[in-house]
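See below for the structure under consideration.
The values are calculated or read from the model by the stated rules, or taken from the named source; none is laboratory data. Keep in mind it's a predicted model, so treat the numbers as computed, not measured. A quick note on method: Cβ atoms are made from the backbone with ideal geometry, for glycine too, and the neighbour counts reach across all protein chains shown. Keep in mind that these areas ignore ligands, DNA and RNA; they rest on the heavy atoms of the full protein, side chains included. Shrake-Rupley method; radii C 1.70, N 1.55, O 1.52, S 1.80 Å.
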Amino acid sequence: ADHKQPVSFIQVICNYYIPFLKVMFTAAELGVFDLLLESGKLMPSTTIAERLGTSFTGMERLLDTCVGLKLLRVERTGTLYGSTEFSNLYLAESSPKSQYHHMMFFSEITFLNLNYLTDAVSPVGKIYGDSSSNLFDVIFRSEGEMKRFSHSMNSNWHLCGRDVMAAFNLSHFPLICDLGGSGCGLAKECIALYPNSTVTIFDLPNVVEMAKKHFVSPEEHRITFHEGDFFKDPIPEADLYILARILHDWDDEKCVQLLTRLHKACKPGGGVLVVEVVLNEDRSGPLEAHLQSMLMLLLTEGKERTPSEYNALFSAAGFKEVQLKKCQLYDAILGRK
Ligand code: SAM
């Protein structure tokens, strides 16, 4: 009896969670959720298979599994399949709150890399993050890959970007520079929330070129771009610098180097807003931060940090006043000069 619960829990994890994710990713990748959202009606599995160019047996089994997972619904027992509120909102690529690109990044990149997690924990080390290359050299080999990564990053801001940007009143900082702001997801939330703000995206030259082409429309004139390497090139003038999911990519030394450059660039009263999933001071959680930190171990030289670890980085760079605001998923830390 003592063993019953752990055995069934491990069965659930192995038999359910891992296939669950891959089934959901596969249906999204094949376009099942978009087809059912766009058609707005129930369809037989044969029509779905024909429209998406898949096998009949494979599609029927995929649809039945999606129904079992409550990602889709079925009517007239096993004959007509339809979308759900959840799939229309989060799984179809065309929805404004879509998590499609995030799922595709996980399915194609993260899942493969997770095979090397044992190596990352063992003395063998990591696959990226050695002295010769970093994650961005590896995943930014083509415009398509950069676009996919930026889309995936933006997926989170569709859901919680507003919450993070509202954590502090940023209306005193009209000129904002988002370092490593790639897909402009947070910048868009920022200009929507603060009507007097303009945001400059400072990112690597090829990322800026891609972002200008794919992530802003001509009407979004309050978002501008600046190409460069934030470790080497001059930092553009701004009232506030944003570092969203940047510090967790780098070791402490590089974080202090970057924050010191920003401290020098800041006017008195100016600041740096760091956005990360912050670990509890006693490292007891949140679980999202620990899981994210495992991915950082695998993919980068960085990690997730506790409030006092962020305070130490800010203070080594010269910032005196540092405040943390806990949000839904990503938290906000504001350091003022
Ligand atoms: N801030 C964005 C967000 O939260 O959605 C993207 C974060 S992504 C993890 C890291 C970003 O930093 C990428 O856009 C990458 O191109 C950029 N980056 C990496 N190294 C950089 C460097 N040396 N100089 C400027 N940008 C850099």
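Any idea how many residues of region 304-337 are surrounded by fewer than 20 Cβ atoms within 10 Å (Cβ to Cβ) and closer than 30 Å to Ser107 by Cα?
Counting residues in region 304-337 that are surrounded by fewer than 20 Cβ atoms within 10 Å (Cβ to Cβ) and closer than 30 Å to Ser107 by Cα gives 5.
Restricting to region 203-214, count the residues that are more than 14 Å from Cys177 (Cβ to Cβ) and either aromatic (Phe, Trp, Tyr) or buried (at least 21 other Cβ atoms within 10 Å of the Cβ) (or both).
Of the residues in region 203-214, the ones more than 14 Å from Cys177 (Cβ to Cβ) are 204-207, 209-214.
Subset that is either aromatic (Phe, Trp, Tyr) or buried (at least 21 other Cβ atoms within 10 Å of the Cβ) (or both): 207, 210-211.
Final tally of qualifying residues: 3.
Restricting attention to region 285-334, which residues are on the phi < 0 side of the Ramachandran plot, more than 23 Å from the chain's Cα centre (by Cα) and among the small types (Gly, Ala, Ser)?
Ser308, Ala312, Ser315, Ala316, Ala317
Select from region 53-74 the residues that are within 20 Å of Phe86 (Cβ to Cβ) and surrounded by fewer than 18 Cβ atoms within 10 Å (Cβ to Cβ) and list them in ascending order.
Asp64, Thr65, Val67, Gly68, Leu69, Lys70, Arg73, Val74
Among the residues of region 208-233, write down those that are assigned to a loop (DSSP other than H, G, I, E, B) and free of Cβ contacts under 8 Å to residues at least 24 places away in the same chain. Step through it out loud before you land on a result.
Within region 208-233, the subset assigned to a loop (DSSP other than H, G, I, E, B) is 215-222, 228-233.
Selection gives Ser217, Pro218, Glu219, His221, Lys232, Asp233.
Return the residues of region 293-303 that are open to solvent by 40 Å² or more (accessible area, probe 1.4 Å) and free of Cβ contacts under 8 Å to residues at least 60 places away in the same chain; say none if nothing qualifies.
Within region 293-303, Lys303 is the sole residue that qualifies.
Name the one entry in Leu186, Leu259, Leu175 that is more than 20 Å from the chain's Cα centre (by Cα) and crowded, with 23+ Cβ neighbours inside 10 Å.
Numbers: Leu186 fails: more than 20 Å from the chain's Cα centre (by Cα); Leu175 fails: crowded, with 23+ Cβ neighbours inside 10 Å.
Only one candidate passes the filter, namely Leu259.
How many of the residues in region 236-248 are farther than 22 Å from Thr300 by Cβ and open to solvent by less than 40 Å² (accessible area, probe 1.4 Å)? Even if it seems obvious, please write down each step before you answer.
From region 236-248, those farther than 22 Å from Thr300 by Cβ are 236-240; that's our starting set.
The next check asks that each one be open to solvent by less than 40 Å² (accessible area, probe 1.4 Å); those that pass are 236, 238-240.
Summing the residues that are farther than 22 Å from Thr300 by Cβ and open to solvent by less than 40 Å² (accessible area, probe 1.4 Å) in region 236-248 gives 4.
Which residues, taken from region 216-239, are more than 14 Å from the ligand (Cβ to nearest atom) and under 25 Å from Val322 (Cα atoms)?
Filtering region 216-239 down to residues more than 14 Å from the ligand (Cβ to nearest atom) leaves 216-222, 224, 237-239.
Selection gives Glu237, Ala238, Asp239.
Scanning for something under 30 Å from Met146 (Cα atoms), among the hydroxyl-bearing types (Ser, Thr, Tyr) and part of a helix (DSSP H, G or I), does region 42-65 turn up at least one residue?
No, that holds for no residue.
Right, Asp34: outside the structural domain of Ser152 (by TED's automatic domain parsing), touching a residue at least 60 places away in the same chain (Cβ under 8 Å) and among the charged types (D, E, K, R) or not? Show your work before the answer.
On the way: outside the structural domain of Ser152 (by TED's automatic domain parsing): yes; touching a residue at least 60 places away in the same chain (Cβ under 8 Å): yes; among the charged types (D, E, K, R): yes.
The answer is yes for Asp34.
In region 239-264, what residues are in contact with a strand residue (DSSP E or B) (Cβ under 7 Å, 6 or more places away or on another chain) and either free of Cβ contacts under 8 Å to residues at least 40 places away in the same chain or farther than 16 Å from Phe202 by Cβ (or both)?
At the first step, the residues of region 239-264 found to be in contact with a strand residue (DSSP E or B) (Cβ under 7 Å, 6 or more places away or on another chain) are 239-248, 259, 262.
Answer for region 239-264, where residues must be in contact with a strand residue (DSSP E or B) (Cβ under 7 Å, 6 or more places away or on another chain) and either free of Cβ contacts under 8 Å to residues at least 40 places away in the same chain or farther than 16 Å from Phe202 by Cβ (or both): just His248.
Go through (1) closer than 21 Å to Asp229 by Cα; (2) in contact (Cβ under 8 Å) with a residue 24 or more places away in the chain; (3) out of contact with any Pro (no Cβ under 8 Å at 6 or more places or on another chain); (4) open to solvent by 20 Å² or more (accessible area, probe 1.4 Å) for Thr200 and report which single condition fails.
Evaluating Thr200 over (1) closer than 21 Å to Asp229 by Cα; (2) in contact (Cβ under 8 Å) with a residue 24 or more places away in the chain; (3) out of contact with any Pro (no Cβ under 8 Å at 6 or more places or on another chain); (4) open to solvent by 20 Å² or more (accessible area, probe 1.4 Å) leaves (3) as the failure.
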